[in-house]
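A short reminder: the numbers here are calculations on the coordinates, not readings from a lab. Owing to the predicted nature of the structure, the values given are computational and were not obtained by experimental measurement. A quick note on method: Cβ atoms are made from the backbone with ideal geometry, for glycine too, and the neighbour counts reach across all protein chains shown.
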Amino acid sequence: MIHTVTLNPSLDRTLHYDRLQLGAVNRASSVRVEPSGKGVNVAAALRSLGQEATILLCAGGATGRALIDDLEAQGYKPICVTVAEETRSNVTVIDDASGVITKLNEAGAAVTIDDLAALERLLLERATAGDWCVLSGSLPPGAPSDTYAQLIAVLHAAGVWTALDTSGEALVLGAQAGPDLCKPNEQEARELAGPAAPSDVSALARAIQQMGPRRVLLTRGALGGLWADDEGLWQAESPAIAAVNPVGAGDAALAGAVYALQAGQAPQECLRWAVAVGSAKAAADGSTYLRHATAIDNLRSIALRRLS
Ligand SMILES: Nc1ncnc2c1ncn2[C@@H]1O[C@H](COP(=O)(O)OP(=O)(O)OP(=O)(O)O)[C@@H](O)[C@H]1O
Ligand SMILES: [Mg+2]
């Protein structure tokens with residue numbers, strides 16, 4: 001079983017305008033409202049691969065209720081810690097005349113130490129030895145920066161494998177806690193490695209693995225990704241695709257990697273799955289999260305190389 005944790009979800013609103021004018025009254029030509037948050041995206045990508053995952057999240061207020069209702073309407077069974085503050089709505093504004101996309105994000109609903117303890121209890125009630133737990137996304141206000149590090153420690157004590165995808169101090173402390181998989185993109189990887197970060201990207205992946213994670217999946221957008229673990233270091237190039245919307249491709253890549261890890265695949269095959277699923281997400285239009293058939297096609301056309 002795979003579990004995803006989303007501490008700071010959002011009920012995303014995407015608004016299109018024919019021609020947006022700042023300082024004027026603008027009327028949207030279309031509005032889309034959908035649940036979001038990295039763990040939710042990972043669960044959606046896994047569903048596209050035919051694998052259901054648990055969604056654990058913190059939600060509050062009417063927006064939190066609407067988010068849960070929407071997930072339930074999609075057939076998920078979200079497990080929720082109800083928080084006092086209102087769940088955020090991140091807004092994406094698209095000016096169709098210029099194609100310019102503007103994102104307006106909120107910090108998110110604050111959580112308390114009691115909320116985090118409740119989430120940990122719910123997680124430990126469901127996750128059993130041999131399961132995977134994906135910890136991803138930014139921490140909400142109120143969550144200490146070692147929140148993921150603490151969760152990794154308690155999950156490991158229960159025999160649960162952990163995958164981490166976050167940034168900043170939460171990533172530094174989380175990586176040191178030794179997750180079974182860590183998925184930074186190149187920028188997050190450079191920040192994590194600090195001023196001594198090697199400029200060579202394969203040395204960078206190896207340096208991060210030496211900070212604590214058992215395996216590192218370092219993703220590089222259209223350039224593909226790298227995989228470092230005790231068995232070796234591999235590089236995969238993305239297949240040549242027409243990228244439609246690469247936002248969330250990292251979540252899809254993480255889903256692909258965990259899907260393959262759970263199936264007991266070899267390291268280079270986990271990398272192949274990550275890049276195949278990430279690229280399938282980047283190629284998907286808005287109507288579907290990603291297509292399984294595209295991911296399978298991508299698997300065959302990925303150029304993979306062992307570096308050490
Ligand atoms: N433009 C693209 N063309 C082909 N593949 C892509 C493209 N963008 C992303 N991908 C695929 O998705 C994977 C993850 O993408 P990326 O490195 O951009 O993740 P990310 O920065 O974590 O993204 P996010 O946080 O928005 O989900 C890449 O390794 C690659 O396989
Ligand atoms: Mg990312």
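For the chain, modelled as a GNM whose springs connect Cα atoms under 10 angstrom apart, the maximal fluctuation among G278, G23, G142 occurs at G23.
If I build a Gaussian network model for the chain, linking alpha-carbon pairs within less than 10 angstrom, which residue out of I152, I208, I113 has the largest mean-square fluctuation? Fluctuation is largest for I113. For the pair E34 and Q176, label points projected 7 Å from Cα toward Cβ lie 3.8 nm apart.
Relative to the globular-protein estimate of 2.2 N^0.38 Å, the Cα radius of gyration of the chain stands at 0.97.
Working from label points 7 Å from Cα in the Cα-to-Cβ sense, the D230 to D285 distance is 4.8 nm. For segment 76-82, backbone phi angles converted through the Karplus equation (6.51, -1.76, 1.60; θ = phi - 60°) give residue-by-residue couplings of 7, 10, x, 10, 10, 9, 7 Hz, Gly and Pro being listed as x. Between S238 and G224, G225, the built amide H atoms are under 5 Å apart, and every one of these is 5 or more places off in sequence or on another chain. Across segment 108-129, the residues whose backbone nitrogen lies under 14 Å from the label position 7 Å along the beta-carbon direction of A84 are 109-116.
Once the cut-off is 19 Å, how many percent of the Cα-Cα pairs in segment 180-308 end up in the long-distance tail? Taking all Cα-Cα pairs of segment 180-308, the fraction more than 19 Å apart is 42 percent. Just to confirm my numbers, what's the Cα centroid distance between segment 1-38 and segment 198-222 in Å? Computed from Cα coordinates, the inter-centre distance equals 32 Å. Placing pseudo-labels 7 Å out from each Cα toward the beta carbon at V25 and A157 gives an inter-label distance of 5.9 nm.
Take every DSSP beta bridge with both residues inside the chain and express the antiparallel ones as a percent of the total, to the nearest 5.
Of all bridge pairs located within the chain, approximately 45 percent are antiparallel.
How large is Rg/Rh for segment 1-165, to two decimals, with Cα atoms and a Kirkwood Rh? Result: Rg/Rh = 1.03. Taking the square roots of five times each eigenvalue of the Cα gyration tensor of segment 117-168, the equivalent ellipsoid has semi-axes of 19, 12, 9 Å, listed largest first. When the chain is treated as a Gaussian network with alpha carbon springs shorter than 10 Å, the biggest mean-square fluctuation among N105, N185, N90 belongs to N105. In whole Å, how far is the Cα centre of segment 77-129 from that of segment 234-308? Value for the Cα centre distance between the two parts: 25 Å. Charges were assigned to the Cβ only: +1 to each Lys and Arg, -1 to each Asp and Glu. The resulting dipole of the chain about its Cα centre is roughly 600 debye.
Where both partners of a DSSP beta bridge lie in segment 1-165, what percent of those bridges are antiparallel, to the nearest 5? Of the beta bridges lying entirely in segment 1-165, close to 35 percent run antiparallel.
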